[in-house]
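The values are calculated or read from the model by the stated rules, or taken from the named source; none is laboratory data. Bear in mind that the values here come from a model prediction, so they are computed numbers and not experimental data. Every residue, glycine among them, receives a Cβ derived from its backbone with ideal geometry; neighbour counts consider all protein chains shown. When the accessible area is computed, the model is the full protein with side chains, heavy atoms only, and any ligands, DNA or RNA have been set aside. Shrake-Rupley method; radii C 1.70, N 1.55, O 1.52, S 1.80 Å.
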Amino acid sequence: SDTMQQSDTMQLQQSVIVDKDERETLELIEAIELAKVSSEPGQLLPLLRKYGLAREHIPTPLLSSLEVWAALLEKMPMTGMLRNLGKMSSIGLITTGSAAARKVAERLTDVEALRGARVHPISLLVALRTYSQGRGDKGKLVWERAEEVVTALDEAFYLSFSLVEPTGQRIVVGLDVSGSMCALVPGLNLSCREAACAMTMLALRTEPNTHILSFQETVKPLAINSAMTLKQAADFTNGLPFGATDCAGPMLWASRNNVLADCFIVYTDCETNYGSVAPSAALRAYRDQTGIAAKLIVVGMSSSMFSIADPADGGMLDVVGFDAAAPLLMSEFMLGRI
């Protein structure tokens, strides 16, 4: 019957698709195995170009080959490219004025490529700082930086702000401006001041209802704005008089000034102090006053241990340390997804 013929045809088509997928998978596995035993770039290059193999598939002796890295760069994902900029520069593939440097710069400043890679501004800032210094933090890798790549990384950092999903919330940020904020964030090539200012700028550029406060002799509004560069914002906060970091301060300020907020965020290094009012008590009082189920996030960027959040309160979050994954965690918390 026609129905049986149609069924047989569909089964045959599905079988062909499965066979094709299985064949491609087997070919890829075979290519990976061949790559493992390759001893010459000439043996490896066709496999890289046809199957898009990654650095992890390359035998260690061939990881110093300029030809191999040039082939890898052709299809290298954005995040992999950011991680390997130093290596590709150290072997002479990426140099000022080179075709590879131009290719990297073009990809870094392609907004759609950044969007597709879902690269956060903090990841780009870390890549910029690491690449600009011309050496890795671990090991002995050193390189001559390509200036067009440095410029492109800086541009990409600012371009990527527009790609971050806004929370749409009313936010009050409390920023530690003390001298100790010059300390490095463990594991990153950023000072606590740079990281905190970058996150503050991100809020200013993506969240229209944001108030920025600083911990000076009192908690007071901080006159930085979304038009500033990161350097301008960091330099401005570095020149301010500072007082004790009071993690309850933003809620007390908002209560006194009748400011409506859905989330309070404190950025500090390791000074998670407070005065006569505990942050949890200040948050509960603010909730009672406004009727808003406000949340509190305290980020101790160079801290190894602190406890501000009430463990029985799902609206408080302590972030101990800081890395490129922290911003998404914070955003998900604000939106109630975690």
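Mind scanning Lys87/Lys295; Lys20/Lys87; Lys36/Lys140; Lys20/Lys75 and naming the pairs with a C-alpha gap bigger than 31 Å?
From Lys87/Lys295; Lys20/Lys87; Lys36/Lys140; Lys20/Lys75, over 31 Å: Lys87/Lys295; Lys20/Lys87.
Any idea of the accessible area per residue across the range 115-162, 1.4 Å probe, to the nearest Å²?
Result: 52 Å² of accessible area for each residue.
Of all the Cα-Cα pairs you can form in the range 113-247, what percent are over 25 Å apart?
31 percent
With the full set of protein chains in place, find how many percent of the accessible area of the range 180-321 is carbon and sulfur; take the probe as 1.4 Å.
55 percent
What list of whole percents do you get for P(r) of the range 165-209, with Cα-Cα distances grouped in 10 Å bins up to the one holding the largest distance?
With a bin width of 10 Å, the distribution comes to 27, 44, 26, 3.
Which value, in nm² and rounded to one decimal, describes the direction-averaged projected area of the C-alpha convex hull of the range 173-263?
The orientation-averaged projected area of the Cα hull of the range 173-263 comes to 6.0 nm².
Which net charge results when you count Lys and Arg as +1 and Asp and Glu as -1 among the other residues whose beta-carbon is under 15 Å from that of Ala227?
It works out to a net charge of +1.
Only residues of the range 136-155 count here: report those whose backbone N is under 14 Å from the spot 7 Å along Cα→Cβ of Ser64, or say none.
Only 140-142 pass the distance filter.
Tell me the net charge near Val172. Cut-off is 15 Å between Cβ atoms, Val172 excluded, with +1 for each Lys or Arg and -1 for each Asp or Glu.
For residues surrounding Val172, the net value is +1.
Leaving ligands and nucleic acids out of the surface, order His120, His211 by accessible area at 1.4 Å, largest first.
Highest to lowest solvent-accessible surface, that is His211, His120.
Quote the charge dipole size of the chain about the Cα centre in Debye, to the nearest 20; the model charges only the Cβ of Lys and Arg (+1) and of Asp and Glu (-1).
It comes to approximately 720 debye.
Rounded to the nearest 500, what is the 222 nm mean residue ellipticity of the chain from helices alone, with -39500 (n - 2.57) per DSSP H run of 4+ residues and division by all residues?
Dividing the helical sum by the residues of the chain leaves -15000 deg cm²/dmol.
For the chain, list log₁₀ I(q)/I(0) at each q in 0.13 Å⁻¹, using the Debye formula over Cα point scatterers of equal strength and ignoring solvent, two decimals each.
Calculated log10 I(q)/I(0) at the listed q: -0.97.
Once you list every other residue whose beta carbon is under 15 Å from the beta carbon of Ser132, what net charge do they have if Lys and Arg are +1 and Asp and Glu are -1?
Every neighbour counted, the sum reads -3.
To the nearest µm²/s, what D does Stokes-Einstein give for the range 234-309 at 37 °C and 0.692 mPa s, using the Kirkwood radius over alpha carbon pairs as Rh?
Estimated via Stokes-Einstein, D reaches 249 µm²/s.
What is the mean projected area of the alpha carbon convex hull for the range 146-187, to one decimal in square nanometres?
5.4 nm²
In whole Hz and in residue order, list the ³J(HN,Hα) couplings for the range 26-39 that follow from phi through the Karplus curve 6.51 cos²θ - 1.76 cosθ + 1.60, θ = phi - 60°; x for Gly and Pro.
For the range 26-39, the Karplus-derived couplings read 5, 5, 5, 4, 5, 5, 5, 5, 5, 4, 4, 9, 5, 10 Hz, x marking Gly and Pro.
Whose amide H sits under 5 Å from the amide H of Met316, counting only residues 5 or more places off or on another chain, with H placed in the peptide plane?
Leu296
Not counting ligands, DNA or RNA, and with a 1.4 Å probe, what is Met201's accessible surface area in Å² rounded to the nearest 10?
So the heavy atoms of Met201 present about 0 Å² to solvent.
Could you put Lys20, Lys36, Lys138 in order of accessible surface area, largest first, with the 1.4 Å probe and the full protein assembly present?
Heavy-atom accessible area, descending, gives Lys138, Lys36, Lys20.
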